[in-house]
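Worksheet: the structure to be examined is printed underneath.
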Amino acid sequence: MKKTISTIFGLAAITLATLTTSCSSDDNNKTEEPKSDFVVVRENLQGEIKSGEVILESGTYKLTGKLIVSNTAKLTIKPGVIIQATAVAKDKIEEVRYIAVAQGGKIDVQGTATSPVIMTSEVQTPGAWGGLVLCGKAHINKGTTAQAEVSNLTYGGVEDNDNSGSIKYLRIEYPGFAYSSSKEFNGLSLFGVGKGTIIDYVQVYESSDDGFEWFGGTVDAKHLVVSNKAAELGDDLFDWTEGWIGNGENWYGIRTNAGNRGIEADNNSDNHKATPISFPNIKNITLIGTAASTNGESQGLKLRVGTKGKLDNVVLKGWATGFDVQHDESISYVGTDLLATNVKFEDVGVKAKGTATTPIVGTTPDVTKLFTESTTATGAGNGSGVPTWAAGWTKGL
C-alpha cells in the first residue's frame, strides 16, 4: 500500500514538473509587445504614446493633432490603414497635424504592394499637414545632439546602428505644412536616424517642401518615389544635410511644375568641413524635371557646402542644369569623393557647372571629372520611365 501511494505521488510530481516546464517554455517564447495605456479614438487620433505598443488595425483614422511616439513606445500600422489629417485653421498653426517618432520610439508600417499604408489629408492640397518625422540617435554634424526644427524633439548621438523601426509600402500625400518661409515640414524627415531602421517602398506625393530629407544619420533607404505635379510649387525632391552617411537604391523623382531641384545636397552650411561629412552612396536613380523654376535654379543635383557623395546609374531628364557644384570644399572632392558614374542626360541644357565660394571674374572651376556618361544607364529601372517596382502602391505617376 505504501509503495502504491509513493508511486502515485511520484507520477504526480513528474506531471507537475512537466507542466511547469512547458508553461515556462511558452512564456519565454512570447514576443508580444507590452500593451499601451494610450487610448485609440478612430475619429480623434492625437496625443503621446508614452509606452507599450499601439496597433492601428484597419480602416481610416482621423489625425486631429500631433501624434508622438515616445521613448520605449511603438506604433504599428497594419496593411491598408489610412491616416487622414483633418484641416487646420490658418490662425491655429500650433495645431498642425503630424506624426513623430522620438528617440527610443519605434514605428512599424506594415504596408504591402497591394495594400499600402496611406498617410494623407482631408484637404488635398500640398502643404496641408506635417508628414512623418523620425528622430534617432546616430551621428550628426550640427553638434552631438540637436532639436528637430519642426517638432522640437531631440535627435543625434553616437549610436549609428540605432533602430527607429521599419517602414514598408507607405504613401505620404500632401505634406509640407509651413510655419514660416524658413520652417517647413517635409514628407518624410529623417533626423539622425540609424542604420538599424528599415525604409523601403515609400512615396511622397505632392509635398510643398522636400519629399525626403536626411539630417545626418546613417539610415539606408530603398525604392523611394517623389512626385510633384500640382500647380502649387514643391521644393527639392530629395535633400540631405548635417552629415548623412547612408546608402540609397532605386530612387525615382519627378516634378512637372516650376519647383526646385531633384536633389539638394549639403554638408553643413555653417561649417563646410564639419564632421561627419555627408557622404551617401546612391545607385539606380532617375530625376525628371523642367527647365522652368521660379528661383532660376532648375538643377538635377545641387551639390554644395562641403558634401561628398557617390552615385551610379543615373538618368537626368529635362533640367536646365544637370549637376551644379558649389563652394570650394565640394569642388575639391570632384572626381574622387564626389562622383557620378554611368550618367545618361536627356534634354538637359548644361550637363555640369561649378561655382567657387568666392567667384573670380573670368574663371570657372573645372568640374568635368564629376561624371562619366553611359547611353545605356537605366536609372531607377526604366530610364526616364516609371519603374516597374513602383506599380500598384504609388499614385499619380
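Some values worked out for this structure:
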{"read-out": "Search result, residues across the stretch 184-234 that are modelled with pLDDT under 95 and surrounded by fewer than 24 Cβ atoms within 10 Å (Cβ to Cβ)", "value": "184, 229, 230, 231, 232, 233"}
{"read-out": "Number of the exception - residue 215 against (1) out of contact with any Leu (no Cβ under 8 Å at 6 or more places or on another chain); (2) in contact (Cβ under 8 Å) with a residue 40 or more places away in the chain; (3) among the hydrophobic types (A, V, I, L, M, F, W, C); (4) within 18 Å of residue 134 (Cα to Cα)", "value": "(1)"}
{"read-out": "Subset tally (residues that are of a type outside the set (Val, Ile, Thr) and out of contact with any strand residue (DSSP E or B) (no Cβ under 8 Å at 6 or more places or on another chain)) for the stretch 51-85", "value": "4"}
{"read-out": "Residue check for residue 47: among the small types (Gly, Ala, Ser) and crowded, with 22+ Cβ neighbours inside 10 Å", "value": "no"}
{"read-out": "Single residue of the stretch 92-111 satisfying the filter (in a loop (DSSP other than H, G, I, E, B) and surrounded by 15 or more Cβ atoms within 10 Å (Cβ to Cβ)) that is modelled with the lowest pLDDT", "value": "96"}
{"read-out": "Residue in the stretch 255-272 that is among the aliphatic types (A, V, I, L, M), assigned by TED's automatic domain parsing to the domain that holds residue 73, crowded, with 24+ Cβ neighbours inside 10 Å and touching a Gly at 6+ places or on another chain (Cβ under 9 Å) present", "value": "no"}
{"read-out": "Any chance residue 84 is surrounded by 17 or more Cβ atoms within 10 Å (Cβ to Cβ) and over 17 Å from residue 205 (Cβ atoms)", "value": "no"}
{"read-out": "Options 322, 306: the member that is touching a residue at least 24 places away in the same chain (Cβ under 8 Å) and either in a strand (DSSP E or B) or of a type in the set (Asp, Glu) (or both)", "value": "322"}
{"read-out": "Number of positions in the stretch 359-372 that are touching a residue at least 24 places away in the same chain (Cβ under 8 Å), of a type in the set (Val, Ile, Thr) and within 18 Å of residue 304 (Cα to Cα)", "value": "1"}
{"read-out": "Where residue 200 falls short, out of the listed (1) out of contact with any Lys or Arg (no Cβ under 6 Å at 6 or more places or on another chain); (2) not in a loop (DSSP other than H, G, I, E, B)", "value": "(1)"}
{"read-out": "Test: residue in the stretch 264-278 that is part of a loop (DSSP other than H, G, I, E, B) and without any contact (Cβ under 8 Å) to a residue 12 or more places away in the chain", "value": "yes"}
{"read-out": "Of all residues making up the stretch 200-209, the number that are closer than 18 Å to residue 250 by Cα and in contact with a Leu (Cβ under 8 Å, 6 or more places away or on another chain)", "value": "4"}
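Here is a yes/no grid of residues against (1) part of a loop (DSSP other than H, G, I, E, B); (2) crowded, with 23+ Cβ neighbours inside 10 Å; (3) out of contact with any helix residue (DSSP H, G or I) (no Cβ under 9 Å at 6 or more places or on another chain); (4) not assigned by TED's automatic domain parsing to the domain that holds residue 276:
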| position | (1), (2), (3), (4) |
| --- | --- |
| 125 | yes, no, yes, yes |
| 134 | no, yes, yes, yes |
| 138 | yes, yes, yes, yes |
| 144 | yes, no, yes, yes |
| 169 | no, yes, yes, yes |
| 172 | no, yes, yes, yes |
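The values are calculated or read from the model by the stated rules, or taken from the named source; none is laboratory data. All figures in this text were calculated on a predicted structure; none of them were measured in a lab. Don't worry about glycine lacking a Cβ; one is built from the backbone with ideal geometry, like all the others, and counts go over all protein chains shown.
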